[in-house]
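Note sheet for the following structure.
The values are calculated or read from the model by the stated rules, or taken from the named source; none is laboratory data. Note that the coordinates shown come from a computational prediction; the quantities given were computed from them, not determined experimentally. FYI the Cβ positions are ideal-geometry reconstructions off the backbone, even for glycines, and counts take in every protein chain you see. Surface accessibility is based on the protein's heavy atoms, side chains included, excluding ligands, DNA and RNA. Shrake-Rupley method; radii C 1.70, N 1.55, O 1.52, S 1.80 Å.
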Amino acid sequence: GSKKGEGSASSNQSVPAVEAKVWQPGVDKLEEGEELQCDPSAYNSLHAFHIGWPCLSFDILRDSLGLVRTEFPHTVYCVSGTQAEKSSWNSIEIFKMSNISGKRRELVPKKKNEDGSDMESDSSDSDEDDEENGGGPVLQVRKVFHEGGVNRIRAMRQNPHICASWSDTGHVQVWDFSTHLNALAESDSDATHGNSTVLNQDPLVKFSGHKDEGYAIDWSPLVTGRLVSGDCKNCIHLWEPASDSTWNIDSKPFVGHTASVEDLQWSPTEPYVFASCSVDGHIAIWDTRLGKSPAVNIKAHNADVNVITWNSLASCMLASGSDDGTFSIRDLRLLKEGDSVVAHFEYHKHPITSIEWSPHEASTLAVSSSDNQLTIWDLSLERDEEEEAEFKAKTNEQVNAPTDLPPQLLFVHQGQKDLKELHWHTQIPGMVISTAADGFNILMPSNIETPLPANI
């Protein structure tokens, strides 16, 4: 942390030697007038932006720009929904962020000088990258009026122009945003940065069958158009596609929870199976062929279960985050034996608000919490005492890393207030986008190692 109002020293000689230490959020305190400074070298890319009112929920849209993209600058498409001051001011935003700059990933490590520095000067400064890419990122937005605040919004994986939104008015609506996405795709990146015009558009479907508002909603990754939505009572409704723009919605709900259904996740491998979590502390696994009761009901946490994520690369793994700040990983193959928990973490001290497995690394997941931290974890990591001793010897023990930090903790991102939701980009390895009360962040931590395809 550096104190506000103090100029940065122009030479190293005028800076007093301060013993370096690892900053622990929620443990270490800042003195009055001190603030933390971001270390840009920790990121391959880091950008912040906002599009007006805070967004509680958003989704990254699959695009046709390439399945595995590793070269900067990047372009991303997203859809988000606002939580405006007045209900009538809300909208769904379809936006395109282009010219996202960052450091190039070195396929061959640079040769080192004798003092350990790179032989070539490091030209991966974000300012230089921005100049090279013709300025900074460009944001273009299309807005569609939405009745009430958007509790959650999700895009269909197979047809990303089709999106479902949960409104705080108690309605679930399905939209077709193809005209807006086409307009963004055809627009030049040097066009206007934002569009304040809010367009009126009718949804394809407006479902009023829920008895309360809700947050839980998920599209099937296996069956195009299949959807489940859950509300704050305890009801879950199944939507089956009748055509490209119509759905048959089962009026008889799935009921197994005794309190609000907070999140829903379809199985990545079983087309009729989905999971739900609830304020009642339970996770339920459902099979739509077996009636309206859960096939399995698990007491998962001692507090509300806010979010769940089903691992698309290792479908036996289900992770859940709780209101008490803990998150757990379960191996569903162990359910018959009783305790299926294979990992449990108590690092966060405030409610978990979002959790998602990486689409590129089976052992990696990202977590956000009300403690204003976004953390990334690699469950394959274990503490190596020999390696630690070797590292300490090299650094003359200047790091002073706390011994109680979990070895699986790979990265801590801060700087956003009231973090709400995060998503990995399925087509840009290592990219995470997060939303908070003060806007969005796009980040690519430099220590997230994602194997590059063989042909790159």
Seminar exercise, completed: Cα-based Rg and Dmax for region 219-301, in Å, come out at 12.3, 40
For this session: Would you rank ASP280, ASP418 by solvent-accessible area, highest first, keeping every protein chain in place and using a 1.4 Å probe?
Result: ASP418, ASP280
Problem set entry | Radius of gyration and maximum dimension Dmax of region 201-261, Cα, Å | 11.8, 36
For this session: Can you send over the solvent-accessible area of ASP218, 1.4 Å probe, protein chains only, in Å² to the nearest 10?
Result: 10
Exercise. Would you list LEU181, LEU264, LEU334 from the most to the least accessible area, probe 1.4 Å?
Worked result: LEU334, LEU181, LEU264
Exercise. If you count, for each residue, the other Cβ atoms within 10 Å and average over each peptide, how do 233-242, 356-365, 31-40 line up from highest to lowest?
Worked result: 356-365, 233-242, 31-40
Problem set entry | Relative frequency of Cα-Cα separations exceeding 26 Å in region 157-313, percent | 32
Exercise. Debye sum, Cα scatterers, region 313-372, no solvent: what log₁₀ I/I(0) at q = 0.18, 0.20, 0.27 1/Å?
Worked result: -0.64, -0.76, -1.10
For this session: Find the centroid of the Cα atoms in region 422-440 and in region 242-309, then give the distance between the two in whole Å.
Result: 25
Seminar exercise, completed: Scoring only Lys, Arg, Asp and Glu (+1, +1, -1, -1) among other residues with Cβ under 10 Å from the Cβ of TYR347 yields -2
For this session: With all distinct Cα pairs included, what does the Kirkwood hydrodynamic radius of region 269-388 come out to in Å, to one decimal, could you say?
Result: 15.0
Problem set entry | Heavy atoms of SER41 accessible to a 1.4 Å probe, total area in Å² rounded to 10 | 70
